[in-house]
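Taken together, the values in this text are just the output of simple stated rules run on the coordinates, not laboratory data. What you are looking at is a predicted structure, and each value in this text was computed from that prediction instead of being measured. Quick reminder, even Gly has a Cβ in these numbers, built from the backbone with ideal geometry, and neighbours come from all protein chains shown.
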2 protein chains.
Amino acid sequence: MASLPVIVVHGGAGNIPRARESMSSAGVREAAKAGYVCLQAGGSAMDAVVEAVTLLENNPTFNAGRGSVLTQKGTVEMDAIVMDGRTLASGAVSAVRRIANPVQLARLVMDKTSHLCLTAEGASQFARNMGIPEVQEESLITEYSIMRWRKNLSPDANPVESHMGKMGTVGAVAVDLQGNIACATSTGGMLNKMEGRVGDTPCIGCGAYADNKLGAVSPTGHGEAIMKVTLSRLILFYMEQGKSVREAADMGLAYMWDRVQGRGGVVVVDPKGEWVARFNSLQMAWAAAQGGQLHYGMYGEEHFTRDIQ
Amino acid sequence: MASLPVIVVHGGAGNIPRARESMSSAGVREAAKAGYVCLQAGGSAMDAVVEAVTLLENNPTFNAGRGSVLTQKGTVEMDAIVMDGRTLASGAVSAVRRIANPVQLARLVMDKTSHLCLTAEGASQFARNMGIPEVQEESLITEYSIMRWRKNLSPDANPVESHMGKMGTVGAVAVDLQGNIACATSTGGMLNKMEGRVGDTPCIGCGAYADNKLGAVSPTGHGEAIMKVTLSRLILFYMEQGKSVREAADMGLAYMWDRVQGRGGVVVVDPKGEWVARFNSLQMAWAAAQGGQLHYGMYGEEHFTRDIQ
């Protein structure tokens, strides 16, 4: 039953190793709950998605903030975006280094500049001017990300690992009690990417889109495929033509597969609070909070429900 | 009368100072002719748009390559993108420095990497690996761009000059004899922008989109507004719903004005070779070549035609 407020989060599509499943599921549930608490207290959709994505960035299980995958050179370069459906305002950062919470920096780009996106050293400069502390790069790197980076550098690299590496990204979409809609997406990008590679995440219409009149989308998956079909805006066009959130999400993912053989997943909301988490990868860790209930799942049509304590 | 091949180029929307009008008009005509010669010789749409945009980058009259506007700090940071309508492949660079022809580097990103966009120092690194020579920053800077930069730093900066400064960008769309469609866009960005600012140009769906099934768009104007409405993809959605190139372009520009009070212009082609150059700024220097004729204009409904020598 659709109702407001609502928040839906994802922790990335792909193949999640068995040993990391429970951490992933717990992480997205915690993020959805935190965003929901914010919304119930009258917080804005923007506040809620930034809160949820901040928790996912801080959680080393996910490929965003701490726990980001490494570039070819072993560095961490992150992309993030936020979008406000009231005004179509947006802020993004690309290839930013040594920042704990890129999603918060993206929000500052939206709130404090006349621009929509700052990249690389220019984004770092802006962070310094805003008083955002620079963190040690090591604080963002986990043993797991080093292991995967090494594995993928070896000549007999396992393509499944590689494939999985393409898939991490975290995101959230929400509608608040006032009916305002927002979304946020954050990522460490693609495993063993070239330095300076910018994926779909900071690219408006690809890695996020929110419009109070239509809804919001946060995607995850093969970034280059998401970009080629401008997946987030595409799904909202289907909704503009009268499709439900579920139909639109499935049509968008099917189109991405048909045209460019890309896989991924999305979380989507519409202005009434209808929501969906859909993917054509093996898994996507997702959770939603609405009407006092927490919904979550990871495989195919899996959908668990429990009361929010 | 629509026919193939066709190429349409623009040299930026905005307020072109009277003294620069004839240079702007000559520049876009020369670029359209060069692209057309390439297409008539059997060249691909991609070859033609890169050829045309390269000429516009080399021409100091336009805000792209040599002649780019300066950042707040007086540096030159450029964005460029290409897109191939056959496969939806695309390549882009953002905030790249000391490169004579960003559009050619964007094409190399498409052709030689698995990524769609490289930014800042990572893009420079890639350029070095590809053997693209680094140029002196001074070679990209004109006396005119220094004059405008100084003028805008002063406390009594002229808002008209500022506004105009937001508007430069060059681009081209083409359909070749095989019916393949491509587009390219290149810019020095926004006058006195923050270092690291990324505008619409390298953002697929915003600063360019090409799909053999629908057509292609290259926009110019206020980058942040173009991004908020993903202008290029938006216009192609209207065409997908049966609108003509002219109707779709006008609807897209009207939508951008209504939703975010943004002005700009676009060149658009469809698979049959129908084309249009439309804008809601005071001026946009544009030229098109088709059926042995050169079309061009700069103000409102202005449309001159002459035979191509």
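Near the amide H of A:Tyr209, within less than 5 Å, lie the amide hydrogens of A:Val217, all on another chain or at least 5 residues away, with H placed in the peptide plane. Taking the Cα centre of region B:42-92 as reference, the dipole from Cβ charges on Lys and Arg (+1) and Asp and Glu (-1) amounts to some 120 debye.
Each copy carries B:Gly292; placing its label point 7 Å along the C-beta direction from Cα gives inter-copy distances of 7.9 nm, listed from smallest up. Remark: region A:30-36, residue by residue, has Karplus-estimated 3J(HN,Hα) of 4, 5, 5, 4, 4, x, 5 Hz, where x stands for each Gly or Pro and the curve is 6.51 cos²θ - 1.76 cosθ + 1.60 at θ = phi - 60°. Here B:Lys33 is the anchor, and the aspartates and glutamates within straight C-alpha reach of less than 12 Å, apart from those fewer than 8 places off in the same chain, are B:Glu51, B:Asp307.
From the largest down, region A:49-135 spans 37, 26, 22 angstrom on the principal axes of its Cα atoms.
Each other copy places its own label point for B:Arg128 at 2.1 nm from this one, sorted shortest first, where the point lies 7 Å along the Cα-to-beta carbon line.
Over region B:9-84, consider all pairs of different Cα atoms and compute the Kirkwood hydrodynamic radius from their mean reciprocal separation; express it in Å, one decimal.
Details: mean 1/r = 0.0749 Å⁻¹.
This gives a value of 13.3 Å.
Shown here for region A:217-309: GluC sites (Glu not before Pro) in loop regions (DSSP other than H, G, I, E, B) with at most 15 other Cβ atoms within 10 Å, namely A:Glu301, A:Glu302.
Explain nothing, just the number: relative contact order of chain B, from Cα pairs under 8 Å at least 6 residues apart, as a whole percent.
Details: 867 pairs, mean separation 79.2, N = 309.
Here the relative contact order equals 26 percent.
Closest approach of any chain A Cβ to the axis that rotates A onto B belongs to A:Ala120, 2, distance given in whole Å.
Distances from B:Asp307 to the same residue in each other copy, label points 7 Å out along Cα→Cβ, in nm, shortest first? Those separations, rounded to one decimal, come out as 8.7 nm. What the Cα atoms of region B:225-298 give is an Rg and a Dmax of 12.5, 40 Å. The spacing between region A:268-309 and region B:110-157, judged by their C-alpha centroids, is 44 Å. Counting, for every residue in A:120-127, the Cβ atoms of other protein chains within 10 Å of its Cβ and taking the mean gives 6. Placing a pseudo-label 7 Å from each Cα along the Cα-to-Cβ vector at B:Asn58 and B:Leu153 gives an inter-label distance of 3.2 nm.
Taking A:Arg233, A:Arg98, A:Arg18 as the candidate residues, the one with maximal mean-square fluctuation in a Gaussian network model of chain A, Cα springs under 10 Å, is A:Arg18. Find which of B:Met190, B:Val267, B:Gln293 sits farthest along the positive direction of the dipole of region B:185-309, computed with +1 on the beta-carbon of Lys and Arg, -1 on that of Asp and Glu, about the Cα centre. Comparing the listed Cα positions along the dipole, B:Met190 ranks first. For B:Gln293, nonlocal amide neighbours, meaning residues 5 or more places apart or on other chains whose placed amide H falls under 5 Å from its own, are B:Ile308.
In order along region B:45-60, phi translates into HN-Hα couplings of 4, 4, 4, 5, 5, 5, 4, 5, 6, 4, 4, 5, 5, 6, 7, x Hz, rounded to whole numbers, per the Karplus curve 6.51 cos²θ - 1.76 cosθ + 1.60 with θ = phi - 60° and x for Gly and Pro. Computed from the Cβ-Cβ distance with R0 of 56 Å, the FRET efficiency linking A:Asp111 to B:Glu30 stands at 0.80.
GNM remark for chain B: springs join alpha carbons under 10 Å apart, and the peak mean-square fluctuation among B:Ala208, B:Ala120, B:Ala100 falls on B:Ala120.
Other chains' Cβ within 10 Å of B:222-228 residues: what's the mean? Each step should come with its number before you reach the end.
Numbers: counts 0, 3, 9, 2, 2, 9, 10.
Taking all residues of B:222-228 together, the mean is 5.
Would you calculate a helix-derived [θ] at 222 nm for chain B, using -39,500 (n - 2.57) for each DSSP H run of n ≥ 4 and dividing by the full residue count, to the nearest 500?
Calculated from helices alone, the mean residue ellipticity at 222 nm is -10500 deg cm²/dmol.
Residue by residue, region B:238-243 carries 3J(HN,Hα) couplings of 4, 5, 4, 8, x, 6 Hz when phi is fed to the Karplus relation 6.51 cos²θ - 1.76 cosθ + 1.60 (θ = phi - 60°); x denotes Gly or Pro.
Dipole orientation for the protein assembly as shown: of the candidates B:Ile132, B:Gly207, A:Ile81, B:Ile132 has the Cα lying most toward the positive pole (charges on Cβ; Lys, Arg +1; Asp, Glu -1).
Which whole number of Å³ per residue matches the convex hull of the alpha-carbon atoms in the protein assembly as shown?
Numbers: hull volume 85.2 nm³, N = 618.
Per residue, the Cα convex hull of the protein assembly as shown comes to 138 Å³.
Convex hull volume of the Cα atoms of chain B, normalised per residue: 116 Å³.
Over all Cα atoms in region B:150-309, the spread is summed up by Rg and Dmax: 15.9, 54 Å.
In region A:1-49, inverting the average of 1/r over every pair of distinct C-alpha atoms gives 12.0 Å as the Kirkwood radius. Looking only at B:Gln72, B:Gln293, B:Gln241, which one moves most when chain B is put into a Gaussian network model with springs between Cα atoms under 10 Å? Top of the fluctuation ranking is B:Gln241. Here the calculated FRET efficiency for A:Ala2 and A:Ala254, from their Cβ-Cβ distance with R0 = 25 Å, stands at 0.55, rounded to the nearest 0.05.
Cysteine residues of chain A whose Cβ has no partner cysteine Cβ closer than 4.7 Å: A:Cys38, A:Cys117, A:Cys183.
Order B:37-43, B:283-289, A:77-83 from most to least packed using the mean count of other Cβ atoms within 10 Å.
A:77-83, B:283-289, B:37-43
Ranking of B:Thr201, B:Thr305, B:Thr87, A:Thr71 by neighbouring Cβ atoms within 10 Å, starting from the fewest: B:Thr305, B:Thr87, A:Thr71, B:Thr201.
Rounded to whole Å and ordered largest first, report the semi-axes of the equivalent ellipsoid of region B:110-245 derived from its Cα gyration tensor (root of 5λ). Spell out each step's value before the answer.
Working: eigenvalues 172, 99, 32 Å².
Semi-axes, largest first: 29, 22, 13 Å.
Only one residue of A:Met1, B:Leu234, A:Ile16 has its Cα farthest out toward the positive end of the dipole of the protein assembly as shown, where Lys and Arg carry +1 and Asp and Glu -1 on Cβ, and that residue is A:Ile16. Taking amide hydrogens as placed 1.01 Å from N in the peptide plane, the amide H of A:Val229 sits under 5 Å from that of no residue at least 5 positions away in sequence or on another chain.
In a simple Cβ point-charge model (Lys, Arg +1; Asp, Glu -1; nothing else charged), the protein assembly as shown has a dipole of about 260 debye relative to its Cα centre.
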